[in-house]
Amino acid sequence: MLGSAISTGINVDRYSGFGLTYANGYLYAISYDGKLYKLTTDGILLGSAISTGISTYYASGFGLAYANGYLYAISYDGKLYKLTTDGVLSGSAISTGISTDTNRSGFGLTYANDYLYAISYNGNLYKLTTDGILLGSAISTGISTGYDSGFGLAYANGYLYAISYNGKLYTIKDSSDHFFARTLLASPVTKTNQQTMKIQYDFIFED
């Protein structure tokens, strides 16, 4: 931990906490009732709360991510909202078809390599386009946390990082389940004797 806690002067009047993301040198925080706050990384609040006009259940809150000039907020029932950094809603809610299966826990959300990733309390990981299209099915990461807390999610240096309510940090390797094998050489088959052959492969990632 670097330094001590900074009081930003903002709060959620319920138990859900904030969705948080970083964009263009600033932090953006969103509460369950759709209030958007812009802060410096030193915790200084810039301006006042912006009412975005969106909301979700008070106990679950929103997951928040930034991509290509927009903020994306996702609710526990998989509704995806696209917002400008000024808090203006772009279009209407998109139904992604995913859910945490409880209104007591929201999704952790992040953006990586042109896609949004959402994680639920039971470790199910979902890959989405920024248009809210689900790619493939849920990936079981093998981690879980309390159904009434959920994970925070971030991306850095090729890995997803998930943190639970009790401070356990998980590194999720290979942020998709799409892998396949291909031969490494133009002629990868080597005859070693009359009964066996040596075949060389490498494994590559496919979006």
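Criterion first (outside any strand (DSSP E or B), among the aromatic types (Phe, Trp, Tyr) and either on the phi < 0 side of the Ramachandran plot or without any contact (Cβ under 8 Å) to a residue 40 or more places away in the chain (or both)) does TYR22 satisfy it? Walk me through it before giving the result.
On the way: outside any strand (DSSP E or B): no; among the aromatic types (Phe, Trp, Tyr): yes; either on the phi < 0 side of the Ramachandran plot or without any contact (Cβ under 8 Å) to a residue 40 or more places away in the chain (or both): yes.
So TYR22 fails the test.
Take the range 37-64 and flag every residue that is crowded, with 24+ Cβ neighbours inside 10 Å and more than 13 Å from the chain's Cα centre (by Cα).
THR56, SER60, GLY61
Within 23 Å of LEU169 (Cα to Cα), touching a residue at least 60 places away in the same chain (Cβ under 8 Å) and outside any loop (DSSP other than H, G, I, E, B), is that true of LEU116?
Details: within 23 Å of LEU169 (Cα to Cα): yes; touching a residue at least 60 places away in the same chain (Cβ under 8 Å): no; outside any loop (DSSP other than H, G, I, E, B): yes.
Criteria not met by LEU116.
So, of the residues in the range 76-103 that are assigned to a loop (DSSP other than H, G, I, E, B) and touching a Phe, Trp or Tyr at 6+ places or on another chain (Cβ under 6 Å), which turns out to be farthest from LYS173 (Cα to Cα)? Write out each step before concluding.
Looking only at the range 76-103, we keep the residues that are assigned to a loop (DSSP other than H, G, I, E, B), and these are 76-78, 84-88, 90-93, 96-103.
If we keep only those that are touching a Phe, Trp or Tyr at 6+ places or on another chain (Cβ under 6 Å) too, we end up with 93, 98, 100, 102-103.
Values: ALA93: 31, ILE98: 22, THR100: 22, THR102: 26, ASN103: 28 Å.
Here the answer is ALA93.
Just to be sure, is ALA67 on the phi < 0 side of the Ramachandran plot, out of contact with any Pro (no Cβ under 7 Å at 6 or more places or on another chain), surrounded by fewer than 22 Cβ atoms within 10 Å (Cβ to Cβ) and not β-branched (Val, Ile, Thr)?
On the way: on the phi < 0 side of the Ramachandran plot: yes; out of contact with any Pro (no Cβ under 7 Å at 6 or more places or on another chain): yes; surrounded by fewer than 22 Cβ atoms within 10 Å (Cβ to Cβ): yes; not β-branched (Val, Ile, Thr): yes.
Yes; evaluated as a whole, the condition is true for this residue.
Restricting to the range 74-114, what's the tally of residues that are surrounded by 19 or more Cβ atoms within 10 Å (Cβ to Cβ) and farther than 20 Å from LYS127 by Cβ?
2
Report, by residue number, each residue of the range 67-82 that is under 15 Å from ILE98 (Cα atoms) and either charged (D, E, K, R) or in contact with an Asp or Glu (Cβ under 7 Å, 6 or more places away or on another chain) (or both).
The answer is ASP77, LYS79.
Would you call SER149 under 28 Å from LEU83 (Cα atoms), part of a loop (DSSP other than H, G, I, E, B), polar (S, T, N, Q) and at pLDDT 60 or above?
Numbers: under 28 Å from LEU83 (Cα atoms): yes; part of a loop (DSSP other than H, G, I, E, B): yes; polar (S, T, N, Q): yes; at pLDDT 60 or above: yes.
It is true that SER149 is under 28 Å from LEU83 (Cα atoms), part of a loop (DSSP other than H, G, I, E, B), polar (S, T, N, Q) and at pLDDT 60 or above.
Considering GLY78, GLY123, GLY106, GLY142, which residue is among the small types (Gly, Ala, Ser), touching a Gly at 6+ places or on another chain (Cβ under 7 Å) and in contact (Cβ under 8 Å) with a residue 60 or more places away in the chain?
GLY106
Just give me the residues in the range 1-19 being touching a residue at least 12 places away in the same chain (Cβ under 8 Å) and farther than 22 Å from GLY91 by Cβ, in sequence order.
Narrowing the range 1-19 to residues touching a residue at least 12 places away in the same chain (Cβ under 8 Å): 6-10, 12, 14-19.
Of everything in the range 1-19, those that are touching a residue at least 12 places away in the same chain (Cβ under 8 Å) and farther than 22 Å from GLY91 by Cβ turn out to be ILE6, SER7, THR8, GLY9, ILE10, VAL12, ARG14, TYR15, SER16, GLY17, PHE18.
The values are calculated or read from the model by the stated rules, or taken from the named source; none is laboratory data. A quick note: this is a predicted structure, and the numbers were derived from the prediction, not measured. Here Cβ is always computed from backbone atoms with ideal geometry, including for glycine, and neighbour counts include all displayed protein chains.
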